[in-house]
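The values are calculated or read from the model by the stated rules, or taken from the named source; none is laboratory data. All values reported here derive from a predicted model rather than from experimental measurement. Note: ideal-geometry Cβ built from the backbone for every residue, glycine included; neighbour counts use all protein chains shown. Keep in mind that these areas ignore ligands, DNA and RNA; they rest on the heavy atoms of the full protein, side chains included. Shrake-Rupley method; radii C 1.70, N 1.55, O 1.52, S 1.80 Å.
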Amino acid sequence: NNIMSNFVLHDLVDAEIKYLPKAWKALTTHGKKNKAGKIQRSELVEAATKHGVFDADFVGTELKNIQGGGIKFPYNFDDNLDTFNNSVNAAKNIFQDGVLKNKLGLETLTDWYRFEDHVFRLSVFQDRIGKGWSLADSALDARKSFVDYNIDAPGINWMRNSITPFLAYTYRIIPILAE
């Protein structure tokens, strides 16, 4: 769903599709070695990182709350609890034991999810630079063209951390589509 959504958003902001393979290549191809012998990322990826293109993705913002303990699960395993409450705890334990300890290999899927999102953002960043925009304006547009999961609204954050965990997508996509 996220890939399809990103294709639609990429098209809606009139970004040229030719930049998607270039963004993929920039993110997967290592740059040159520096004086210390370390491989550096491409100048494009460095510029995008410096200007915050990748700072608002789903994995970096939404899922870090779960990993970092930001989302509190108020339920404990208990034979007296209903199925819903026990399933919430089961999901929490699977995530902590599987993803955090990398037993299920889900960390790799998380990395792929982040990578896919970065490809689309970098593609729009490249498109805007190709159209003569400044680096700062290109970065701002690449960031606003996709769902920004950094939300400061207390009510929305309470809801996404409790009863509607994926509310951030709906909250952010409606204004993008309206524009």
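Of note:
- The residues in region 149-172 that are crowded, with 16+ Cβ neighbours inside 10 Å and under 19 Å from F120 (Cβ atoms) can be counted, and the count is 4.
- Region 129-146, residues that are open to solvent by less than 10 Å² (accessible area, probe 1.4 Å) and not small (G, A, S): F146
- Filter result (in a helix (DSSP H, G or I) and under 22 Å from A48 (Cβ atoms)) within region 136-167: A136, D137, S138, A139, L140, D141, A142, R143, K144
- Cross-chain or 6+ apart pairs with Cβ under 7 Å, region 120-148 first and under 14 Å from K18 (Cβ atoms), then of a type in the set (F, W, Y) and assigned to a loop (DSSP other than H, G, I, E, B): F120/F146
- Verdict on V53 being assigned to a loop (DSSP other than H, G, I, E, B) and either at pLDDT below 85 or touching a helix residue (DSSP H, G or I) at 6+ places or on another chain (Cβ under 6 Å) (or both): yes
- Long-range neighbours under 6 Å by Cβ, at least six apart or interchain, first residue touching a residue at least 40 places away in the same chain (Cβ under 8 Å) and on the phi < 0 side of the Ramachandran plot within region 3-17, second aliphatic (A, V, I, L, M) and open to solvent by less than 70 Å² (accessible area, probe 1.4 Å): A15/V124
- Residue that is modelled with the lowest pLDDT [pool: residues in region 1-22 that are within 19 Å of R114 (Cα to Cα) and open to solvent by 80 Å² or more (accessible area, probe 1.4 Å)]: N1
- Unmet criterion (only one of (1) under 14 Å from N6 (Cα atoms); (2) at pLDDT 85 or above; (3) assigned to a loop (DSSP other than H, G, I, E, B)) for W133: (1)
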